[in-house]
Structures are given as C-alpha cells and as structure tokens.
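The values are calculated or read from the model by the stated rules, or taken from the named source; none is laboratory data. Every value quoted in this text rests on a predicted model; they were computed, and no experiment measured them. Here the Cβ is made from the backbone with ideal geometry for all residues, glycine too, and neighbour counts use every protein chain on show. Accessible surface is based on the protein model in full, side chains and every heavy atom, while ligands, DNA and RNA are left aside. Shrake-Rupley method; radii C 1.70, N 1.55, O 1.52, S 1.80 Å.
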Amino acid sequence: MLLEFKDVTKDYGRFPGQAPVVVLHHLSFQLADGESMAIVGPSGSGKSTLLNIIGALDTPTSGQVLLNGRDVSTCSDRELAELRNHTVGFIFQSHHLLPQLNLLENVLVPTLAGRPQAPAAELEARARQLLQRVGLAARLQHRPGQLSGGECQRVAVVRALINRPKLILADEPTGALDHRNAEELANLLVELNREEKVGLVLVTHWRELAARMSRAYELIDGQLQPVTAAHDRR
Ligand code: ADP
Ligand code: MG
C-alpha cells in the first residue's frame, strides 16, 4: 500500500477553556500504488492540512500515517527528509521556481539534496526528456520570468517528478491558471499518473478534474465523503 491513514485526527489550538479546531476527525483511508484520488471541499475544510500530513510536512494529533509501508511518526529526521525528497513530489498553486535559475537547473534542484540517486548525466537526461514531454525542450536555458504561468506550472510538475517519487501531492495546481492552461495541466497530470505509474492525491475545486481521478472525495467535518455523480451534476 502506497499510503494508509489509520484513525488520523488533527486539531489546532488546544488552549485551556477553548475548544480545539478539529480539522481531520478519525480519518482512515488507503491509496494503492499508482492510484489517483481527488479531494474537494470548501476553503478552510483542511485539504492543505491533509496533504501536508501525507507529505510529512505536518504531523497528526493522533492516529497513524503509513507512507510506502513506513510509519511516518517513527522516522528519524534524516528518514523524513529522504521521504519528503524522494518518496513524494509536491505541486502547489504557484510554481515556486527559482527566478535566477534556468528551467533545466530548476528541475534538477530536488536532486541536489540528500545522497545522489543516479549519476548527474543520467539525472540531466531525465530532466531533458521530461521537459520535452511537456513541450518545453526548446526552452531549457530560459528563466521562469520568460515563461507563461502555464509553462512554469508544467516545469513545476517536471521538478516534482525528477526524483521518481511514488506519490505526487498537488494542492490546487490549476487554481492560478486560465481555462486553457488549466485544461492542459489537468491532462498532463492524468497522463503522467498513468505513464509514470506515480500515485496522485489532488486537491481541486474543479469537479470535472476530480471526476477524472480513480476516486473522488469531499472533505467535510474532518471526514472524506465519496463524491457521487449526482453530487457532481449540481
Ligand atoms: P484548506 O486547504 O481546505 O483551505 P487548511 O488545511 O488550510 O484548509 O486549513 C484548515 C483549518 O485549519 C482552517 O480553519 C485553518 O484556519 C486552520 N489552520 C491551518 N493551519 C493552522 C495553524 N497552523 N494553526 C491554527 N489553525 C490552522
Ligand atoms: Mg488549501
């Protein structure tokens, strides 16, 4: 199993005399290798908190998170860094590319942390091949400032994939794009999930995109409710 949540609760602000803000409430679910899953839900419902806990950027108040079979709570700092860098890849609403580096260099940034996973020439070849895959082969030497928002977001996807993660965590990745670019990025994520056999947990407000994942859930009251087709047609 790629990912397993066992009775996970997350709350904020346990102050005397104050009720905690419960964000995740006894949440249990599983995601198999290569599977995709969408999470929709209103702003403030805890979607980003959930992704951050999956990616070991945040810790649950109680319960167990197993990533690639490992209980995240028992990992050393070193193992956690390894996990964040090699087991998962993050994509956010904004691309967070480094403005002073060209595209090829930006894509290779995650390969610089931790021990090298492959010879430099091999990593660069993979970066070039992935940038070609997203239609940016002619732009390797360009800097992010010379690209459109949609192009930058495609580079961010490539950067998330460079270390061959088992799971991509995408937090509203199309949220800042116009419709045409959003459509293109959505297609790219769906195709890469299939081609690279990488698992995908996608937070989105876009119900049509959510429906293209193997499973779709709405985060309500700290629980994941399956999104039904009827619900989708609202
Ligand atoms: P979403 O991504 O669905 O918009 P978030 O996961 O960002 O929701 O936030 C869920 C809830 O948790 C919100 O009510 C938010 O105010 C609260 N929250 C998030 N981070 C913190 C924090 N560090 N301290 C206190 N409350 C937080
Ligand atoms: Mg959020």
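Let's see how each residue does on (1) open to solvent by 20 Å² or more (accessible area, probe 1.4 Å); (2) modelled with pLDDT of 95 or more:
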site: Leu136; (1), (2): no, yes
site: Gly145; (1), (2): yes, yes
site: Ala160; (1), (2): no, yes
site: Glu172; (1), (2): yes, yes
site: Leu224; (1), (2): yes, yes
site: Thr228; (1), (2): yes, no
site: His231; (1), (2): yes, no
_Residue in region 81-103 that is within 16 Å of ligand 2 (Cβ to nearest atom), of a type outside the set (A, V, I, L, M) and touching a Leu at 6+ places or on another chain (Cβ under 8 Å) present_ = yes
*Would it be correct to say that Leu67 is more than 16 Å from ligand 2 (Cβ to nearest atom) and under 29 Å from Asn181 (Cα atoms)?*
no
*What is the residue count in region 1-16 for residues that are open to solvent by 80 Å² or more (accessible area, probe 1.4 Å) and either among the β-branched types (Val, Ile, Thr) or under 22 Å from the mean Cα position of the chain (by Cα) (or both)?*
2
*Of all helices (runs of 4 or more DSSP H) completely enclosed by region 115-234, which ones contain at least 3 residues that are within 18 Å of the chain's Cα centre (by Cα)?*
149-161, 179-195, 207-210
*State all residues of region 17-44 that are within 16 Å of ligand 1 (Cβ to nearest atom) and open to solvent by 20 Å² or more (accessible area, probe 1.4 Å); if no residue qualifies, say none.*
Gln18, Ala19, Pro20, Val21, Val22, His25, Pro42, Ser43, Gly44
